[in-house]
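J.: Would you mind keeping the following structure in view while I ask a few things?
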Amino acid sequence: MVPPENTYELASIMDNITTVMLPRQVDSETSASVEALIVADLRPGASVIVDGSEVTYMSAAGVRVFARALHRAEDIGARIAFCRFIGAAADCLLVSGFTQLFEVVDSVEEAAARLRLKPTGTVDERLHPNRGAG
């Protein structure tokens, strides 16, 4: 599968963190290749930053890609942080409620700092914080 145009990946050797740059559009046409790009860097103990600075349009299909990647990371003991989403893409993440699931920050440096911290709770605990409530 060929990655979408304007999609590329950078590796940060110093922190052992991989940064995945997203294309301008993350939608039903690009979602499979975007997911493949993110998942390719997931391995036990890995830290991956997903940089959304180029994203100008994101549909629900894009949000689903992120949710699947996040669950995959959780399953294998990897971590993902999302950063630099602005405009309509940031709105899509906010409206969907996924900003409660994802580490979404303003800069690559802040994403790297978050990945160095010990994680708090599982994806399911963040998605359903009141599950144990009666």
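J.: Residues of the range 46-60 being surrounded by 16 or more Cβ atoms within 10 Å (Cβ to Cβ) and either in contact (Cβ under 8 Å) with a residue 40 or more places away in the chain or under 16 Å from THR18 (Cα atoms) (or both), which ones?
T.: ALA46, SER47, VAL48, ILE49, VAL50, ASP51, GLY52, GLU54
J.: Let me ask something additional. What pairs can you find where one residue is in the range 61-74 and in a helix (DSSP H, G or I), the other is of a type in the set (D, E, K, R), and their Cβ atoms are less than 7 Å apart, with a gap of 6+ or different chains?
T.: Short answer, once both residue conditions are applied: ALA61/ASP27; GLY62/ASP27; VAL65/GLU35; ARG68/GLU35; ALA69/GLU35; ALA73/ARG79.
J.: Can you pull out the residues in the range 33-60 that are part of a helix (DSSP H, G or I) and in contact with a helix residue (DSSP H, G or I) (Cβ under 8 Å, 6 or more places away or on another chain)?
T.: VAL34, GLU35, ILE38, VAL39, ALA60, listed by residue number.
J.: Is it the case that VAL65 is aliphatic (A, V, I, L, M), more than 16 Å from VAL105 (Cα to Cα), crowded, with 22+ Cβ neighbours inside 10 Å and in contact with a Ser or Thr (Cβ under 6 Å, 6 or more places away or on another chain)? Reasoning before the result, please.
T.: Values: aliphatic (A, V, I, L, M): yes; more than 16 Å from VAL105 (Cα to Cα): yes; crowded, with 22+ Cβ neighbours inside 10 Å: yes; in contact with a Ser or Thr (Cβ under 6 Å, 6 or more places away or on another chain): yes.
Yes: the conditions hold for VAL65.
J.: Can I ask one more? In the list PHE82, PHE102, PHE98, which residue meets the criterion of being hydrophobic (A, V, I, L, M, F, W, C) and modelled with pLDDT of 90 or more?
T.: Being hydrophobic (A, V, I, L, M, F, W, C) and modelled with pLDDT of 90 or more holds for just one of PHE82, PHE102, PHE98, which is PHE82.
The values are calculated or read from the model by the stated rules, or taken from the named source; none is laboratory data. Please read all numbers here as calculations on a predicted model, not as lab measurements. Every residue, glycine among them, receives a Cβ derived from its backbone with ideal geometry; neighbour counts consider all protein chains shown.
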